[in-house]
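What follows is one structure encoded as structure tokens, with my remarks underneath.
The values are calculated or read from the model by the stated rules, or taken from the named source; none is laboratory data. As the structure is a prediction and not an experimental result, all values here were calculated from the model. Because the Cβ atoms are built from the backbone with ideal geometry, glycine has one as well, and the counts that use them run over all protein chains shown.
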Amino acid sequence: MKIVACYKLVPEDRDINVNSDLTLDLSKATWKVGDYDLTAIEMAMRIGEAQEGAEVVLLTYGGDVVTDQKLKKGVYARGPQMGYAVRDNEAFCSDSFGTARVLAAAIDKIGDVDLVVCGEGSGDIYSQQVAPILATLMKRPVVNAVKEASAEGGQLTVKRDLEDAVEVATLPLPAVVSTTSEACKPRIPGMKDILAAGKKEQVVWEIGEVLSDQSALRKEVVNTLSPAQKERARTIFEGIDSLDSFVDALRKVM
Amino acid sequence: MDFSITDEQELLLESLEEWIEGCGFDQRYFDEHWEKAQFPAEYYKALFESPFGKVGLPEEYGGTELDFLTMVLLDEKFAELGRPSLTTTMLNIEDIMMFGSEEQKKAIADKVEEGRLPFALGFTEPQAGSDSNGYACTATRKNGKVYINGHKSFITNASDTDLMLTMTRDFSVEPPVNAMSLWMVPLNAPGVKIEPMHKIGQRMLSMCEVYLDNVEIEESDLVGEEGKGFFMLMKNFEIERVLIAATALGGAKRAYNEAVNYANERIQFGKPIGQFQLIQRMIVEMTAKIKACEAFLYATAWKYDQKESIRIDSALVKYFVTRLANEIADDCVQIMGGIGYTEDSISAKVWRDLRTARIGGGTDEILIHAASRPILKEFAKNKR
Ligand SMILES: Cc1cc2nc3c(=O)[nH]c(=O)nc-3n(C[C@H](O)[C@H](O)[C@H](O)COP(=O)(O)OP(=O)(O)OC[C@H]3O[C@@H](n4cnc5c(N)ncnc54)[C@H](O)[C@@H]3O)c2cc1C
């Protein structure tokens with residue numbers, strides 16, 4: 001059984017500065033693995049470890065940062081045997097559909113993949129769309145918001161929390177799932193894992209090796225703006241009689 | 001000269017931070033244990049089971065071998081995050097791996113595996129603190145057994161572990177440096193009495209008086225060579241002093257992080273106190289002190305990894321770092337003002353905890369004594 005766990009490298013939120021024109025300044029940002037993706041990697045590891053001879057591999061799509069050695073060691077230390085990276089200097093121009101297309105093509109190139117595990121959403125954009133689009137492109141079944149999963153006899157059994165019930169579903173493999181953010185706690189790498197991670201193979205494909213026609217990926221991002229911050233009005237409405245003026249005031253600002 | 005920290009070291013420190021954040025023991029847990037002067041046993045059990053518990057233990061004993069510099073970075077990080085560190089365990093492991101028998105090495109590895117503190121260090125006695133020639137605890141052989149008698153003072157962890165590495169003296173041998181031996185003494189054996197003392201800081205680790213009255217042990221409980229105890233004590237001190245400096249620096253950084261943030265936030269006379277030059281001076285001095293401490297500390301650990309002697313440097317680094325760490329904590333309390341003298345402030349806790357770093361493992365004065373003679377000797381030898 002071959003399981004692919006997908007992850008995205010994202011800028012550290014606390015290093016992002018907002019410019020006076022509300023555009024974002026990423027120039028000082030360090031990069032990290034999206035937190036939700038660590039959960040996906042852990043789930044992939046747990047499914048894999050319960051299967052004799054299963055192989056868990058990693059896949060990422062992004063700019064030059066995908067080959068950053070420290071980041072690579074940090075992710076690979078979470079357990080998977082090896083991994084793949086698709087490098088594209090214009091990856092930041094890709095939307096969920098574009099990313100899903102690249103991942104689908106890469107998974108096809110990896111070959112014989114039984115299961116793809118994605119995080120709840122990316123750590124930066126958080127559109128939560130890549131897994132379902134990826135499954136559609138691959139013509140595979142997909143379940144999102146999975147909190148537990150196990151594989152047996154060519155089937156995947158997943159559990160999801162509904163409002164007041166736990167849904168258990170089975171789907172035939174190959175399939176795609178995305179996890180909830182709290183599905184499981186990522187394992188913490190020790191020195192042995194970290195040292196081993198440095199020696200694990202990372203296959204790097206340039207975007208052209210994976211997708212010959214990239215026109216569908218290229219979107220023009222007009223801008224990404226931080227919402228304008230407003231000073232608190234500090235208006236106090238006192239007494240039950242002021243309820244109407246309170247509602248009026250709320251309407252005005254909304 | 002390369003001053004960079006490796007990817008692996010950085011990732012390990014990030015791992016530690018992630019473990020501490022998710023390990024389930026919050027500040028309240030530690031505050032409660034501090035208050036009751038109770039050993040945080042559940043925390044240590046979890047820590048020993050984590051990827052960090054067995055650092056320093058060689059691979060063949062199920063551990064993770066680490067260079068000393070990385071251990072120092074880890075130990076410092078524990079303190080910076082405000083969590084009890086692995087100092088005593090790392091030190092125990094180093095001691096036994098250097099001097100212990102195969103059986104003793106296995107026994108220590110098993111204890112760490114089970115999540116228990118390996119052993120306490122029983123050197124100090126009421127009449128023999130700084131004066132390590134003054135130890136008077138004895139080991140007497142009778143009918144194939146060994147009997148230990150004496151009184152050990154200020155023994156860290158004695159009430160929370162079941163073994164004590166105990167220094168004894170053979171009064172028939174002179175000079176005293178050749179008369180000292182180390183024995184592993186069970187603390188749950190008949191004849192042992194343990195009385196915890198009340199410390200003003202570092203309260204989660206006990207400090208006890210240990211009375212040994214005809215405690216029966218085996219010949220095989222001898223650690224290292226008989227008569228070489230003093231030499232082993234000096235080796236132990238080299239490691240211990242560097243680790244004490246590491247946790248002192250980590251503690252100082254913890255207070256510093258609080259105080260500098262506070263200087264930006266606290267408004268007096270219409271502006272943040274960080275705008276006043278007298279506060280800025282403290283901040284600049286603390287920052288420079290931290291950088292100097294880091295450089296000296298890491299260089300000393302690195303030197304040990306290069307198999308160079310750190311006999312003098314370990315004394316110098318503990319003297320230098322622990323004093324500056326105390327000064328930093330004191331300045332942090334000053335910057336925090338009144339709130340800095342309450343239990344609510346990190347700086348106050350650090351200030352209280354750090355004081356002992358200038359006493360245990362060799363007092364400032366003893367370190368000066370230890371380091372100055374070889375320095376002067378070296379100059380006398382190379383006189384031009
Ligand atoms: C928190 C804590 C934990 C400890 N844990 C342990 C432990 O686990 N195991 C253990 O064996 N011991 C332990 N100790 C004991 C510690 O090692 C001793 O306290 C230390 O060595 C000093 O001895 P003393 O307290 O008897 O002071 P003393 O030696 O009596 O010193 C008193 C003062 O005199 C000064 N002085 C002494 N001799 C000289 C000299 N020749 N020249 C100039 N000044 C001198 C000292 O520097 C000090 O200022 C611990 C101590 C503390 C505070």
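Does the stretch B:95-112 include one or more residues that are within 16 Å of the ligand (Cβ to nearest atom), over 18 Å from B:ALA41 (Cα atoms) and either within 14 Å of chain A (Cβ to nearest Cβ) or at pLDDT below 95 (or both)? Outline the logic, then answer.
Filtering the stretch B:95-112 down to residues within 16 Å of the ligand (Cβ to nearest atom) leaves B:95-96.
Then keep just the ones that are over 18 Å from B:ALA41 (Cα atoms); that gives B:95-96.
With the extra rule that they be either within 14 Å of chain A (Cβ to nearest Cβ) or at pLDDT below 95 (or both), the set shrinks to B:95-96.
Yes: one or more hits.
A quick yes/no check of all residues on (1) free of Cβ contacts under 8 Å to residues at least 12 places away in the same chain; (2) surrounded by 17 or more Cβ atoms within 10 Å (Cβ to Cβ):
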site: B:VAL185; (1), (2): no, yes
site: B:GLU195; (1), (2): no, no
site: B:GLU216; (1), (2): no, no
site: B:VAL223; (1), (2): no, yes
site: B:ALA246; (1), (2): no, yes
site: B:GLN280; (1), (2): yes, no
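Here are some residues: B:GLU8, B:GLU32, B:GLU21, B:GLU17. Which one is assigned to a helix (DSSP H, G or I) and more than 14 Å from every other protein chain (Cβ to nearest Cβ)?
Details: B:GLU8 fails: more than 14 Å from every other protein chain (Cβ to nearest Cβ); B:GLU21 fails: more than 14 Å from every other protein chain (Cβ to nearest Cβ); B:GLU17 fails: more than 14 Å from every other protein chain (Cβ to nearest Cβ).
From the options B:GLU8, B:GLU32, B:GLU21, B:GLU17, the qualifying one is B:GLU32.
Can you name every residue in the stretch A:189-219 that is in a loop (DSSP other than H, G, I, E, B) and over 19 Å from A:ARG87 (Cβ atoms)?
First, the residues of the stretch A:189-219 that are in a loop (DSSP other than H, G, I, E, B): A:189-190, A:200-201, A:211-214, A:218-219.
Result: A:PRO189, A:GLY190.
Out of all the residues in the stretch B:36-50, is one or more within 14 Å of chain A (Cβ to nearest Cβ), touching a strand residue (DSSP E or B) at 6+ places or on another chain (Cβ under 9 Å), farther than 18 Å from A:ALA77 by Cα and crowded, with 17+ Cβ neighbours inside 10 Å?
The initial filter retains those residues of the stretch B:36-50 that are within 14 Å of chain A (Cβ to nearest Cβ), namely B:46-50.
If we keep only those that are touching a strand residue (DSSP E or B) at 6+ places or on another chain (Cβ under 9 Å) too, we end up with none.
Within the stretch B:36-50, none of the residues are within 14 Å of chain A (Cβ to nearest Cβ), touching a strand residue (DSSP E or B) at 6+ places or on another chain (Cβ under 9 Å), farther than 18 Å from A:ALA77 by Cα and crowded, with 17+ Cβ neighbours inside 10 Å.
Quick check on B:LEU86: is it free of Cβ contacts under 8 Å to residues at least 40 places away in the same chain, within 14 Å of chain A (Cβ to nearest Cβ) and either touching a helix residue (DSSP H, G or I) at 6+ places or on another chain (Cβ under 7 Å) or surrounded by fewer than 21 Cβ atoms within 10 Å (Cβ to Cβ) (or both)? Show your work before the answer.
Details: free of Cβ contacts under 8 Å to residues at least 40 places away in the same chain: yes; within 14 Å of chain A (Cβ to nearest Cβ): yes; either touching a helix residue (DSSP H, G or I) at 6+ places or on another chain (Cβ under 7 Å) or surrounded by fewer than 21 Cβ atoms within 10 Å (Cβ to Cβ) (or both): yes.
Yes.
Please go through the stretch B:51-61 and pick out each residue that is within 12 Å of chain A (Cβ to nearest Cβ) and farther than 11 Å from B:GLU113 by Cβ. Don't jump to the end; show me each part of the working.
Let us first name the residues in the stretch B:51-61 that are within 12 Å of chain A (Cβ to nearest Cβ), namely B:51-57, B:59.
Answer for the stretch B:51-61, where residues must be within 12 Å of chain A (Cβ to nearest Cβ) and farther than 11 Å from B:GLU113 by Cβ: B:PRO51, B:PHE52, B:VAL55, B:GLY56, B:GLU59.
I'd like the full set of residues that are charged (D, E, K, R), within 14 Å of another protein chain (Cβ to nearest Cβ) and closer than 24 Å to A:TYR126 by Cβ, limited to the stretch A:157-213.
Of the stretch A:157-213, the ones charged (D, E, K, R) are A:159-161, A:163-164, A:167, A:182, A:185, A:187, A:192-193, A:199-201, A:206, A:209, A:213.
Retained after the next criterion (residues that are within 14 Å of another protein chain (Cβ to nearest Cβ)): A:182, A:185, A:187, A:192-193, A:199-200.
Answer for the stretch A:157-213, where residues must be charged (D, E, K, R), within 14 Å of another protein chain (Cβ to nearest Cβ) and closer than 24 Å to A:TYR126 by Cβ: A:GLU182, A:LYS185, A:ARG187.
For the stretch B:112-151, name all the residues that are surrounded by fewer than 14 Cβ atoms within 10 Å (Cβ to Cβ) and either basic (Lys, Arg) or within 20 Å of B:PRO190 (Cα to Cα) (or both).
Within the stretch B:112-151, B:THR140, B:ARG141, B:LYS142, B:ASN143, B:GLY144, B:LYS145 meet the criteria.
Would you check if there is a residue in the stretch B:362-380 being more than 14 Å from every other protein chain (Cβ to nearest Cβ), more than 12 Å from the ligand (Cβ to nearest atom), without any contact (Cβ under 8 Å) to a residue 60 or more places away in the chain and of a type in the set (D, E, K, R)? Explain how you work it out, then say what you get.
First pass over the stretch B:362-380, keeping only residues more than 14 Å from every other protein chain (Cβ to nearest Cβ): B:362-380.
Subsequent filtering for residues that are more than 12 Å from the ligand (Cβ to nearest atom) retains B:371, B:374-380.
Now drop any that are not without any contact (Cβ under 8 Å) to a residue 60 or more places away in the chain, which leaves B:371, B:376-380.
Add one more test, that the residue is of a type in the set (D, E, K, R), and what stays is B:377-378.
Looking for residues that are more than 14 Å from every other protein chain (Cβ to nearest Cβ), more than 12 Å from the ligand (Cβ to nearest atom), without any contact (Cβ under 8 Å) to a residue 60 or more places away in the chain and of a type in the set (D, E, K, R), one finds at least one in the stretch B:362-380, hence yes.
Yes/no matrix, rows are residues, columns are (1) within 16 Å of the ligand (Cβ to nearest atom); (2) hydrophobic (A, V, I, L, M, F, W, C); (3) within 14 Å of another protein chain (Cβ to nearest Cβ):
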site	(1), (2), (3)
B:GLU114	no, no, no
B:SER132	yes, no, no
B:ALA136	yes, yes, no
B:ALA139	no, yes, no
B:LYS142	no, no, no
B:TYR147	no, no, no
B:ILE155	yes, yes, no
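Would the stretch B:67-83 turn up any residue that is without any contact (Cβ under 8 Å) to a residue 60 or more places away in the chain and either assigned to a helix (DSSP H, G or I) or surrounded by 20 or more Cβ atoms within 10 Å (Cβ to Cβ) (or both)?
Start the filter on the stretch B:67-83 by keeping residues that are without any contact (Cβ under 8 Å) to a residue 60 or more places away in the chain, which leaves none.
The answer is no; no qualifying residue exists.
When you go through (1) touching a Cys at 6+ places or on another chain (Cβ under 8 Å); (2) free of Cβ contacts under 8 Å to residues at least 12 places away in the same chain one by one for A:GLU167, which number turns out not to apply?
Exception for A:GLU167: condition (1).
On the given criteria, is B:PHE230 in contact (Cβ under 8 Å) with a residue 12 or more places away in the chain, within 12 Å of the ligand (Cβ to nearest atom) and part of a helix (DSSP H, G or I)?
Details: in contact (Cβ under 8 Å) with a residue 12 or more places away in the chain: yes; within 12 Å of the ligand (Cβ to nearest atom): no; part of a helix (DSSP H, G or I): yes.
Against the criterion (in contact (Cβ under 8 Å) with a residue 12 or more places away in the chain, within 12 Å of the ligand (Cβ to nearest atom) and part of a helix (DSSP H, G or I)), B:PHE230 does not qualify.
Condition first: assigned to a strand (DSSP E or B) and surrounded by fewer than 20 Cβ atoms within 10 Å (Cβ to Cβ). Now tell me which residues in the stretch A:161-188 satisfy that. Give the steps one after another, and end with the answer.
As a first pass, look at the stretch A:161-188 and keep what is assigned to a strand (DSSP E or B): A:161, A:166-172, A:175-179.
A:ASP161, A:VAL166, A:GLU167, A:VAL168, A:ALA169, A:THR170, A:LEU171, A:PRO172 - these are the residues of the stretch A:161-188 that are assigned to a strand (DSSP E or B) and surrounded by fewer than 20 Cβ atoms within 10 Å (Cβ to Cβ).
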